[in-house]
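J.: Here it is, the structure in full.
Values quoted throughout were computed directly from the atomic coordinates according to the rules given, and no laboratory measurement underlies them. Keep in mind that this is a model prediction, so the values were computed, not measured. Reconstructed Cβ throughout: ideal geometry from the backbone, glycine too, with neighbour counts over all protein chains shown.
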Amino acid sequence: MRTALLQSSGRPGSVEGNLKVLDEAAAGAAAAGAALLAAPEMFLTGYAIGDDIGRLAEAADGEDADAVAEIAVRHGLAIAYGYPERSGDTVYNSAQLISADGTRLANYRKTHLFGCFERDHFTAGEQPVVQAELGGLRVGLMICYDVEFPENVRAHALAGTDLLIVPTAQMHPFQFVAESLVPVRAWENQMYVAYVNRVGQEGEFDFVGLSVLAGPDGVARARAGRGEELVLADLDPAFLAASREANPYLADRRPGLYGSLV
């Protein structure tokens, strides 16, 4: 399955502007044969927008989700994207996956909030593993800081996730996460990991780009630079199966030894 990563901060504060950027990226991704387009954390609204987060937050099935579904249908590819989700009086940092026919397949709420900014504006989610079937693969969702917790990604591995999509707002000086940690997560858990970042200065944050799609061999299939970019890579289910057969990590686990971790 060809996958496209949209490395962009879009137009912070403008949902209309970000939907236009997403539409243009979807057109380019579809023309290149992609079946899936992934956009960064909080892409629909912008990340560093302060109290506008609460004002622009919408339900998972709101008008913004409908607009993304229209883009998916128009270009014939699935879309994963980050956005602020409102549920009653509660706001979550969420990511949603919508299929090429416009169906909402999965919605995930970030479980590990990073820093005072996120804790001031969001409530943490409580469901660590959210999955959907797409193109013959089991696809999981996670957001940014979540992937830095090995327990989170291992839970996906044990649940059979083939491709983990991680919309991200990774900032300076933590670029080692994109450069080193994400490929290791893919290797130690025997899955593909699509880590798609924001880029450039936004408020007090300097997003580093470096989006990457890493394979189960720990090798980057695609890696972006430091600017706005659409990168593509192919996921091979046969290669994934062969890699899992050769790598004994999951089979050699001894869960009885790990009780002290919790």
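J.: Mind pulling the angle between the C-alpha long axis of helix 15-31 and the longest principal axis of the chain? Nearest 10 degrees, somewhere in 0 to 90.
T.: 50 degrees
J.: So which GluC sites (Glu not before Pro) in the range 114-167 are both in a DSSP loop and have at most 16 other Cβ atoms within 10 Å of their Cβ? Numbers along the way, then the final one.
T.: Details: sites: Glu118, Glu126, Glu133, Glu148, Glu151; in loops: Glu126.
The qualifying sites are Glu126.
J.: Given (1) 65, 47, 33; (2) 46, 43, 37; (3) 48, 43, 33, which label gives Cα extents along the principal axes in Å as computed from the coordinates?
T.: Comparing each candidate, only (3) matches the computed number.
J.: Which residues does the label zone of Arg226 cover in the range 145-181, counting backbone N under 17 Å from a point 7 Å along Cα→Cβ?
T.: Backbone N within reach: 170-180.
J.: Continuing with this model, one more query. What percent antiparallel are the DSSP beta bridges of the chain, to the nearest 5? Kindly include the intermediate steps, with their values, before the conclusion.
T.: Details: 35 of 51 bridges.
Bridges in the chain that DSSP calls antiparallel: roughly 70 percent.
J.: Sticking with this one: Report the full-extension gain for the segment Ala238 to Asp61: residue separation times 0.36 nm, less the Cα-Cα distance, to one decimal in nm.
T.: Working: separation 177, 0.36 × 177 = 63.72 nm, distance 3.48 nm.
The Ala238-Asp61 span can extend by a further 60.2 nm.
J.: Would you mind finding the longest exposed-site-free stretch of the chain, with exposed trypsin sites (Lys or Arg not before Pro) meaning DSSP loop and at most 14 other Cβ atoms within 10 Å? Can you show the working numbers first?
T.: Numbers: sites that count: Arg226, Arg253.
Result, exposed sites excluded: 1-225.
J.: If amide hydrogens are placed 1.01 Å from N in the peptide plane, which non-local residues have theirs closer than 5 Å to the one on Ala78?
T.: Distant-sequence amide H within range of Ala78: Leu36, Leu37, Ala100.
J.: Next question. With an 8 Å Cα cut-off and a minimum separation of 6 or more residues, compute the relative contact order for the range 94-160 in percent.
T.: Numbers: 84 pairs, mean separation 18.8, N = 67.
In percent, rounded to a whole number, it is 28.
J.: To the nearest whole percent, what portion of all C-alpha pairs in the range 5-144 is separated by more than 23 angstrom?
T.: 27 percent
J.: Using the scaling law 2.2 N^0.38 Å as the reference, what is the normalised Cα Rg of the range 83-169? Could you put the intermediate results ahead of the total?
T.: Numbers: Rg = 13.0 Å, N = 87, 2.2 N^0.38 = 12.0 Å.
For the range 83-169, the normalised Cα radius of gyration comes out at 1.08.
J.: Sticking with this one: Which whole-number percent gives the relative contact order of the range 135-247, counting Cα pairs below 8 Å spaced six or more residues apart? Provide the component values of the computation, followed by the final result.
T.: On the way: 219 pairs, mean separation 24.0, N = 113.
Computed value for the range 135-247: 21 percent relative contact order.
J.: State, as an integer percentage, the relative contact order of the chain based on alpha-carbon contacts under 8 Å between residues 6 or more apart. Intermediate values should be presented prior to the final figure.
T.: Values: 617 pairs, mean separation 48.5, N = 262.
About 19 percent, as a whole number.
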